[in-house]
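Before any comments, here is the structure.
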Amino acid sequence: MKPPRVVGMAIDWVEARTGAVAFLAPLLTHHVPRNAKWWYVFGSATLMFFTIQLVTGVCLATLYAPSAAEAWESLRYIDEEVPFGWMLRALHGWSSNAMVVMMAIHMLQVFLHASYKFPRELNWVTGVFLLFTVLALAFTGQVMRWDQDAYWGLGIGASIADRIPVIGNQVRGLLLGGPIIGGETLSRFFALHVFVLPGAALGLIGLHLALIMKNGISEMPKVGATVEPATYRAEYEQRMEKDGVPFYPDAAQRDMVFCGACLVLLVVLAAVYGPFGPGGQPDPTLIDTNPRPDYPFLWIFGAVSLLPPASETAVMLVAPLVGVLALVAVPFFANAGERAPSRRPGMVLIASLAVMAVAALTWEGKTSPWSPVMNAWSALPTPEHFLAGRTPLEVQGANVFQFAQCRNCHSLDGLGGERGPALDAIATRMTPDQLMRQIQQGDGNMPAFGRNLDSAQMTALVSFLSTLRPEFEAPAVIPGAQLPLPVQRMPGEVVTPVAVGSQ
Amino acid sequence: MSAIRSRLMMSALLAGGIALIPATACDRLPGRPKAAQSAQEGSPEWTVEVFNTSCRGCHAQGAVGAAVPLMDSAYWRAASDEQVTRGVLEGQGMLMPAFGLSGGGPFTPAQASALTRGMRALWGGGAQKSPEISGTLVAGNASNGKSVFDVACAGCHGVGGSAGSVTDPMYLRLISDQGLWTAVVAGRKALGSPAWNEPMPGRPNGLTTVEVADVVAYLSSQRPRSMSELKP
């Protein structure tokens, strides 16, 4: 099939004035290694997902209201009233996760094939920066939902910033636009999410692609084919001349088929599972709690939940820094020599350990009873057998237990949050003094309630908790008192009161 | 070459076809978020839903709760609708938060009174508010109240009593006078606490309305005025 003549004329007209074809043709037809096959499709798929993010993101930005008062409502509006609005959000959300995954696979492939060796060190470094830019986009994107997860995610982010020595407070203020999470915070994260970070990503992608054009695509690693910086470039160009194939259509077709498949998968995921959140409206009156973050960050939170609390500051601050430095350092630490994985068992081991660690920690972050149950305090009643036979003060203590939202993290009778241990039999483990200290000062992942409860509330709460033991018995009924009804004391056990007529 | 082209065409067609799904069947796709359809305001379903998410934690599923059980007809005989609605909107005492919009909660005044009416319809057992006694606190005489307390209440609530102290300053800090009023008038049958007109030691026919006001005034007078009186 030949294109109609007018198309050719139009192209000539543009070409004469811009030189676009002369510029693009070498890009499309530059030679790439023949044997690469399907190994090299992941970078293109990442780029495709980024493009989808740009398109859907621009559409969403026209509908989204980046103000604290309206954001949540505007998402509901997009989901329910804008035609295809929910699809737009679903695509944006799923494509974001897919981009992170694809990027990780791409990096892993590059790492295993040691494609970062001379002369492609800077390809790798720009890639590492891209990784962190994309993760930052994912994090700020989660904040855009402005629901409870976002709100508490910010809280955690702020508390991490707070831990930075000396300038912690300033960093926190800079991030949140004030001492607390508020309208300023959302504007700030919106600007990051739609201007600063996409701009940075575009710049880095341009650089990354330019470097790829400059340095060519690496060949498949072969045992014995070592990289010698002094001679590599000349030899590479020679081999491409002789044995390479043009990028378009030979390699490009594979990219297209793979991207097509990814696109199909993305649409199916979006259509079946729909958009992410928004969860409940953020409520600043809830006591500090921990959120469950989006997928790309679950592993970090999984790791934090396994850490002994004392080491948290050190690990949260130092680990990311070490991670970035280690990744950037990779190509400088080993930029010549063998590329074949079979000759680099140490690197293969590191890569597999990293993959397993991230997978296991993601699982941990996903399944650990991490989040509090946000409405447990107002929705889950105190089981009857924890109330029967208690004094009025102790019963009020049960009210304090709900009121202070202890139930969001602690279950009774199996109902309630599982962030902290179940408290059904806490009185067998802790004395009133220990209880008081625990509640006042908090501990590890339990917030300190010292300033939130006055002494009457504290006394009532502790006296209620002190009755939570299996063998609890109501005080004996004394003569002179007449109980109108049997009193239920323990599950199943009904004690008929001693009914003594009034003298 | 033509094999490649047809393969490309195939996958492009496939991708295009799949991408068309949302365009054609958007409304019926499983991923489409369900519109937050809440039950008709004031309907029994709505009342139960609101109660289950916002009230049940303290006010009990059934007759035994940390705070007054609202599924108990005894409560609805003792409480007036105005009193309940005010409690919902403004909160009460130290531990009942305000659920009205002006107090930072979710309910408009109209919703709060719809909720009150809905709960009475569901759990009032057909009972109207008892006309014999006020639903809201009535001022009384504390020293008369003390004598009533010593006779009628101390058997259960006095030193060594089975029901625990109600004159404990810590306890009194936490409960409002209105809360005391409701507690004395409605009782807590399931926990063994008599309603005002049920038999008590020395009061085989229960209390008079004046005695209720007096005994609540007495309890109220035992409440510490400031936190400094409260050092544990």
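The values are calculated or read from the model by the stated rules, or taken from the named source; none is laboratory data. Worth saying up front: this structure is predicted, and the values here are computed from it rather than measured. Please note: Cβ atoms are built from the backbone with ideal geometry, for glycine as well, and neighbour counts cover all protein chains shown. Note: accessible area is taken over every heavy atom of the protein model, side chains too, but ligands, DNA and RNA are not part of it. Shrake-Rupley method; radii C 1.70, N 1.55, O 1.52, S 1.80 Å.
Values as computed for the structure displayed
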| item | result |
| --- | --- |
| Cα-centre dipole for chain A with unit charges at Cβ (Lys and Arg positive, Asp and Glu negative), debye to 20 | 1480 |
| Area accessible to solvent at residue B:90, 1.4 Å probe radius, in Å² | 130 |
| All-pairs alpha carbon distance profile, segment B:71-123, 5 Å steps from 0, percent | 5, 23, 29, 24, 16, 4, 0 |
| Loss of accessible area when A meets B, both sides summed, Å² nearest 100, probe 1.4 Å | 4800 |
| Average other protein chain Cβ within 10 Å of Cβ, residues B:164-173 | 6 |
| Sequence of B:211, A:73, B:82 from largest to smallest accessible area, 1.4 Å probe | B:82, A:73, B:211 |
| Virtual spin-label span in nm between residue A:226 and residue A:455, 7 Å along Cα→Cβ | 7.9 |
| Volume per residue of the C-alpha convex hull in segment B:40-131, rounded to whole Å³ | 89 |
| FRET E, pair residue A:214, residue A:328, Förster distance 22 Å, beta-carbon r, rounded to 0.05 | 0.65 |
| All lysines inside 27 Å of residue A:366 as judged from Cα atoms, apart from same-chain residues fewer than 8 positions distant | B:34 |
| Placed amide H near residue A:32: partners under 5 Å, 5+ positions off or other chain | A:245, A:247 |
| Within straight-line cross-link reach of residue A:37, lysines at Cα separation under 25 Å, skipping those fewer than 8 residues along the same chain | A:117, A:214, A:222, A:242 |
| Residue-averaged [θ]222 nm for the protein assembly as shown, counting only DSSP H segments that reach four residues, each worth -39500 (n - 2.57) | -17000 deg cm²/dmol |
| Residue A:222 accessible area, 1.4 Å probe, all protein chains in place, Å² to nearest 10 | 140 |
| By accessible area with a 1.4 Å probe, ligands and nucleic acids excluded, highest first: order of A:167, B:175 | A:167, B:175 |
| Listed residues A:38, A:363 arranged by accessible area, highest first, probe 1.4 Å | A:363, A:38 |
| Peptide A:394-407 - average C-beta neighbours from other chains (10 Å radius) | 5 |
| In Å², nearest 10: area of residue B:129 left accessible to a 1.4 Å probe | 50 |
| ³J(HN,Hα), Karplus 6.51/-1.76/1.60, whole Hz, each residue of segment A:84-91, x for Gly, Pro | 6, x, 5, 5, 4, 5, 5, 4 |
| Interchain or long-range residues, amide H under 5 Å from residue B:200's placed H | B:205, B:206 |
| FRET efficiency, 1/(1 + (r/R0)^6) with R0 56 Å, evaluated for residue A:164 and residue A:250 via beta carbons | 0.65 |
| Percent of Cα-Cα distances greater than 51 Å, calculated over the protein assembly as shown | 33 |
| C-alpha long axis of helix A:148-163 to longest principal axis of chain A, angle in ° | 80 |
| Positive-end extreme of charge dipole, the protein assembly as shown - chosen from A:249, B:50, A:202 (charges on Cβ) | A:249 |
| Charge-dipole axis of the protein assembly as shown as Lys and Arg at +1 and Asp and Glu at -1 on Cβ define it, positive-most pick from B:226, A:164, A:430 | A:164 |
| In order through segment A:406-423: 3J(HN,Hα) via Karplus (6.51 cos²θ - 1.76 cosθ + 1.60), integer Hz, x for Gly, Pro | 4, 4, 4, 10, 10, 8, 10, 6, x, 10, x, x, 10, 5, x, x, 5, 10 |
